[in-house]
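Reviewing the structure listed below.
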Amino acid sequence: MHTPIPFVGQVSPEEERLWLSALSAALPEEQIVPLASLDEAQRDAARIAIVANPNPADLATLPNLEWIQSVWAGVERMLAELADRPFQIVRLVDPELARTMAEAVLAWTLYLHRDMPAYARQQKSRVWQERTYLKPSDKTVGILGVGNLGKQAAESLKGACFNVIGWSRSPKSLPGVETLSGAGGLHHLVSRSDIVVCLLPLTPETRGLIDQAVLGRFRKGSGFINFGRGAVVNADDLLAALDQGRLDHAVLDVFEQEPLPADHPFWDHPGVTVLPHISAPTDRETASRIVACNIGAFRQDGTLPETVDRKRGY
């Protein structure tokens, strides 16, 4: 029997129970246990940990870890808080997560495309007025970030007949989609797009990327969706762009501080839809199967899954 694998997370007792149940079902040959149940010898022997937003102090009690498997896709907080730890970090790469994100991108793109924020304002003012309809083929959606999530989101949007273009920091190709890169490519994409969708991870290079200079190049009256990370966008600059009419509406699901503080101006701004980080929740069953495959391969011959590049930030 292998050394028990600790589950380490800053989650509610109920969420921990659900994760332990799903992981144990996917890994019947392993013991997946709460960190608190391990004695000192077991902590010293642990080589793997499964984590969900772990407390660095908890991981410090596992001195001989070789790698940790996150059950979340985002890793920026761990990279910042665990910079001095030598173990490898594996983030969750789940096709189901990409499908769920693509579903959310399409849903909220259609929300903006069909003028739903405007109709909501009209209802509040008791205005009965039809707005001009444009076909999806008359609209261009620009996607910032064309990795696993961006690729599936692009396919979903193309299936709904939108014109799609993509951007990444370094050159990438996407079948059937025009892709741009670099600062010039970013400015070009936002100036051509009716709706811009941000799926970028948070790295030193993307922090504050969507600022006054970039927002100033958005097509007047365009829409913006941020399903990436809150700190990629300068919140003050975004509010200014909305107030100036540069942007018509922003759908925001991620914020630099979560939950979003009750006194934040986003809550009451007529040009903002606030969502509580729900665009692509992790599916415990599919995530647990992926974790099981990764741990199984490691147990068999020491093979590590793809690990996070600490310099790139993902």
Inset, instruction - Quick one: count up the residues across the stretch 249-284 that are open to solvent by less than 80 Å² (accessible area, probe 1.4 Å) and acidic (D, E). - result: 2
Legend entry - Complete set of residues in the stretch 23-36 that are in contact with a strand residue (DSSP E or B) (Cβ under 8 Å, 6 or more places away or on another chain), over 17 Å from D283 (Cβ atoms) and assigned to a helix (DSSP H, G or I): L35
Inset, instruction - Return only the number of the condition from (1) over 11 Å from V141 (Cα atoms); (2) open to solvent by 20 Å² or more (accessible area, probe 1.4 Å) that K158 does not satisfy. - result: (1)
Legend entry - Of all residues in the stretch 178-207 being among the charged types (D, E, K, R) and in a loop (DSSP other than H, G, I, E, B), the one that is most open to solvent (accessible area, probe 1.4 Å): R207
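Go through V164, V146 for me and flag whichever is under 23 Å from G208 (Cα atoms), crowded, with 16+ Cβ neighbours inside 10 Å and among the hydrophobic types (A, V, I, L, M, F, W, C). Don't jump to the end; show me each part of the working.
Working: V164 fails: under 23 Å from G208 (Cα atoms).
From the options V164, V146, the qualifying one is V146.
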Inset, instruction - Take the stretch 83-98 and flag every residue that is over 20 Å from the mean Cα position of the chain (by Cα) and either open to solvent by 30 Å² or more (accessible area, probe 1.4 Å) or closer than 22 Å to G147 by Cβ (or both). - result: A83, D84, R85, P86, Q88
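Within the stretch 216-314, considering only strands (runs of 3 or more DSSP E) that don't extend past its boundaries, which have at least 3 residues that are touching a residue at least 40 places away in the same chain (Cβ under 8 Å)? Spell out how you get there, then give the answer.
On the way: elements: 222-226, 247-252, 272-274.
So the answer is 247-252.
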Inset, instruction - Hey, could you check the stretch 39-66 for residues that are within 28 Å of the chain's Cα centre (by Cα) and among the acidic types (D, E) and say which is farthest from Q10 (Cα to Cα)? - result: E66
Inset, instruction - Take the residues in the stretch 124-145 that are in a loop (DSSP other than H, G, I, E, B) and touching a residue at least 40 places away in the same chain (Cβ under 8 Å), then tell me which one is nearest to E103 (Cα to Cα). - result: G145
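For the stretch 163-192, which residues satisfy the criterion of being in contact with a strand residue (DSSP E or B) (Cβ under 7 Å, 6 or more places away or on another chain) and among the polar types (S, T, N, Q)? Explain how you work it out, then say what you get.
Here is the first cut: in the stretch 163-192, the ones in contact with a strand residue (DSSP E or B) (Cβ under 7 Å, 6 or more places away or on another chain) are 163-174, 177-181, 185-186, 188-190, 192.
Matches in the stretch 163-192: N163, S168, S170, S173, T179, S181.
The values are calculated or read from the model by the stated rules, or taken from the named source; none is laboratory data. Owing to the predicted nature of the structure, the values given are computational and were not obtained by experimental measurement. Don't worry about glycine lacking a Cβ; one is built from the backbone with ideal geometry, like all the others, and counts go over all protein chains shown. Accessible surface areas use protein heavy atoms only, side chains included; no ligands, DNA or RNA. Shrake-Rupley method; radii C 1.70, N 1.55, O 1.52, S 1.80 Å.
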